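Here's the structure, in structure tokens; my notes come after.
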Amino acid sequence: MLNDDFEPEEGYIKIDRYNKKLIQSISDNYSAILKDMGEEASREGLAKTPVRAAKAMQFLTQGYDLNPSEILKSAMFKEDYSQMVIVKDIEVYSLCEHHLLPFFGKAHIAYIPNGHIVGLSKIPRIVDAFARRLQVQERLTNEIRDCIQNTLNPAGVAVVMECSHLCMQMRGVQKQNSVTTTSAFTGEFLKDTTRKEFISLIGASLH
Ligand SMILES: [Zn+2]
């Protein structure tokens, strides 16, 4: 098992600072929204809310500045191993592009190496890089699959994602406990036997 947590970060930029001009602009817009909602934007509790919300929004969409393929390339190694590699229960936090409300849950990802393996911590990182954008769960699932397939060129990739959507839970139909499951496969995982093995190993209820 690879552990690349202590390697220097290469190949991509870690965004941990804010774009001041953008923060100001988003913040001004949030002030206007608060006023439109009938709030007194100047009251103590809300005084710094527009700036905080702007920073939060910039953090939650920082994936646009990341290159997931470069993240994978920064820790690819030649290796003969050709059995299924599974990373399960990866936490996912994203924003639904239709309502700007969070959806969150777990991703289970597998690939079958074809000459190269990748540092295991890079898999959750590319999940974050795609999740920290305005998304729909279906596209997020496919983007992760395609990135691993196109970068690592494995014999197959499997991505299963199980998420709860606040836009469903807090409004509209209010199905409090519903979980949306999406999946995407390539190569070997298009075969029934391989896919079923993966599904049983992650313990998801897929058909
Ligand atoms: Zn939504």
- Report whether or not Lys106 is in contact with a Cys (Cβ under 9 Å, 6 or more places away or on another chain) and among the charged types (D, E, K, R). yes
- Task: Collect the residues in the stretch 67-102 that are among the hydrophobic types (A, V, I, L, M, F, W, C), closer than 23 Å to Ser183 by Cα and either at pLDDT below 95 or more than 16 Å from the ligand (Cβ to nearest atom) (or both), keeping them in residue-number order.
- Result: Ile71, Leu72, Met84, Val85, Ile86, Val87, Ile90
- Task: Evaluate the stretch 138-148: report whether one residue or more is within 16 Å of the ligand (Cβ to nearest atom), touching a strand residue (DSSP E or B) at 6+ places or on another chain (Cβ under 6 Å), over 20 Å from Ile202 (Cα atoms) and acidic (Asp, Glu).
- Result: no
- Reported set for the stretch 103-122 where residues are crowded, with 16+ Cβ neighbours inside 10 Å and within 16 Å of the ligand (Cβ to nearest atom) is Phe103, Gly105
- Query: Given (1) under 15 Å from the mean Cα position of the chain (by Cα); (2) part of a strand (DSSP E or B), where does Thr141 come up short, assuming only one miss?
  - Reply: (2)
- Within the stretch 123-170, work out how many residues are touching a Gly at 6+ places or on another chain (Cβ under 6 Å), surrounded by fewer than 22 Cβ atoms within 10 Å (Cβ to Cβ) and under 27 Å from Thr193 (Cβ atoms). 2
- Note on the structure: Flagged pairs (Cβ under 6 angstrom, 6 or more apart or on separate chains; first in the stretch 155-168, aliphatic (A, V, I, L, M) and within 11 Å of the ligand (Cβ to nearest atom); second modelled with pLDDT of 95 or more and not in a helix (DSSP H, G or I)) are Leu166/Leu101; Leu166/Pro102
- Matching residues, the stretch 144-166, being assigned to a helix (DSSP H, G or I), over 13 Å from the mean Cα position of the chain (by Cα) and at pLDDT 95 or above: Asp146, Ile148, Gln149, Asn150, Thr151, Leu152
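The values are calculated or read from the model by the stated rules, or taken from the named source; none is laboratory data. What you see is a predicted model, and the numbers here were worked out from it, not measured in a lab. We place every Cβ from the backbone using ideal geometry, glycine too, and count neighbours over all the protein chains shown.
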